Amino acid sequence: MLNLAVAALFLLGTHFGIASTSLRRQLIGLIGEGPYRALFSLLALAALAWLVFAWAAAPFVPLWEAGIGLRHLVATLMPLPFLLVTCAVTAPNPTMTGQRPDPDAGAPATGIVRVTRHPLMWGVGLWALLHLAANGDQASLLFFGALALLALVGTVLIDQRRTRENAPGWGVFLQATSSLPFVAIIERRQKLVPGEIGLWRIALALALYVAVFWLHPMLFGVAPLG
C-alpha cells in the first residue's frame, strides 16, 4: 500500500508542483514550449503507469460495502463522464492544452462548453468518484481519489494559469462560462443548446459506455454490477 500512496503523491506532485507553478514558465523559457510539453507528457504517462501498476498490486482492504443498489446507481450515472470526455476531445475547447479562445467567434462558448468549460476534467473527475464509490476499498480510495483530486483541483489551477496568461478572448470566455457544470446556465450567463453537442457525440458516448460495460470483466476482471 505504501507504493501506491507514493505513486499517488508523485502523480499529484508532478502536476501541482510543475505544471501549475512558475516552474512551468521557467522550464518553457529554458527548453521551449514544444520540448517541455513532450517531456512533461512522458513524465505524466510514467506517473500514471506507476499509479496503475501499484494499484493492481495493492492488497484488498475493504472500507465500506458497495451494495447492489450503489452499483446500479453508478452504472446509471456512468454515461455522463463518457459524454463529457467524448465532447471534450471532439470539439474545440479553450481550456485544453494547445488551444486558446477565439476572440472573433460569434459566441464565446458552444456545445458542451456551455455546460462546463472543463468537460474533460469533470468527465475524469466524475468517472473517478463513481468508481471510488463502487469499489469501497483502501487501494481504490488512493487510486481513484488521486485521479479525482487531480482532475477537479486541476480545473481551478488551469483557470488561474490561463488568467495569468490572459490570452485574447479569455476574459470574455471566462465570464460566459462556469467550471462547475450548469452554473453559468442557472445564472443565465449561458444557455443549453443540445443541437450544438450533436446526436452523434451522444451516440458515440453511449456506444463507448456499452462497449466498456460489456468488456469490463475481460479488461479489468470485475463485473460492473458485481
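The values are calculated or read from the model by the stated rules, or taken from the named source; none is laboratory data. The shown structure was predicted, so the numbers you read here are calculated from the model rather than taken from an experiment. In this analysis, Cβ positions are derived from the backbone assuming ideal geometry, glycine residues included, and neighbour counts consider all displayed protein chains. Just so you know, the surface numbers come from the protein's heavy atoms only, side chains and all, with ligands and any DNA or RNA stripped out. Shrake-Rupley method; radii C 1.70, N 1.55, O 1.52, S 1.80 Å.
Look at the range 99-113 and say how many of its residues are more than 18 Å from W200 (Cα to Cα) and open to solvent by less than 50 Å² (accessible area, probe 1.4 Å).
In the first step, residues of the range 99-113 are kept if they are more than 18 Å from W200 (Cα to Cα); the result is 99-109.
With open to solvent by less than 50 Å² (accessible area, probe 1.4 Å) added as a condition, the list becomes 101, 105, 107, 109.
Within the range 99-113, residues that are more than 18 Å from W200 (Cα to Cα) and open to solvent by less than 50 Å² (accessible area, probe 1.4 Å) number 4.
Being open to solvent by 50 Å² or more (accessible area, probe 1.4 Å), assigned to a helix (DSSP H, G or I) and farther than 28 Å from L199 by Cβ is true for just one of L9, L80, L73, L4. Which residue is that?
L9
Of all residues in the range 201-210, which are surrounded by 12 or more Cβ atoms within 10 Å (Cβ to Cβ) and either on the phi > 0 side of the Ramachandran plot or among the aliphatic types (A, V, I, L, M) (or both)?
Within the range 201-210, I202, L204, A205, L206, A207, L208, V210 qualify.
Any residue at all in the range 103-121 that is outside any strand (DSSP E or B), closer than 21 Å to G13 by Cα, in contact with a Leu (Cβ under 8 Å, 6 or more places away or on another chain) and not small (G, A, S)?
The answer is yes, given that some residue of the range 103-121 is outside any strand (DSSP E or B), closer than 21 Å to G13 by Cα, in contact with a Leu (Cβ under 8 Å, 6 or more places away or on another chain) and not small (G, A, S).
Go through the range 12-33 and report how many residues are touching a Gly at 6+ places or on another chain (Cβ under 9 Å), part of a loop (DSSP other than H, G, I, E, B) and loosely packed, with under 13 Cβ neighbours inside 10 Å.
Result for the range 12-33: 0.
Suppose we filter the range 164-182 for residues that are surrounded by fewer than 16 Cβ atoms within 10 Å (Cβ to Cβ), within 20 Å of the chain's Cα centre (by Cα) and either hydroxyl-bearing (S, T, Y) or closer than 27 Å to I18 by Cβ (or both); how many remain?
1
Out of all the residues in the range 183-200, is one or more touching a Lys or Arg at 6+ places or on another chain (Cβ under 9 Å), without any contact (Cβ under 8 Å) to a residue 40 or more places away in the chain and loosely packed, with under 15 Cβ neighbours inside 10 Å?
yes
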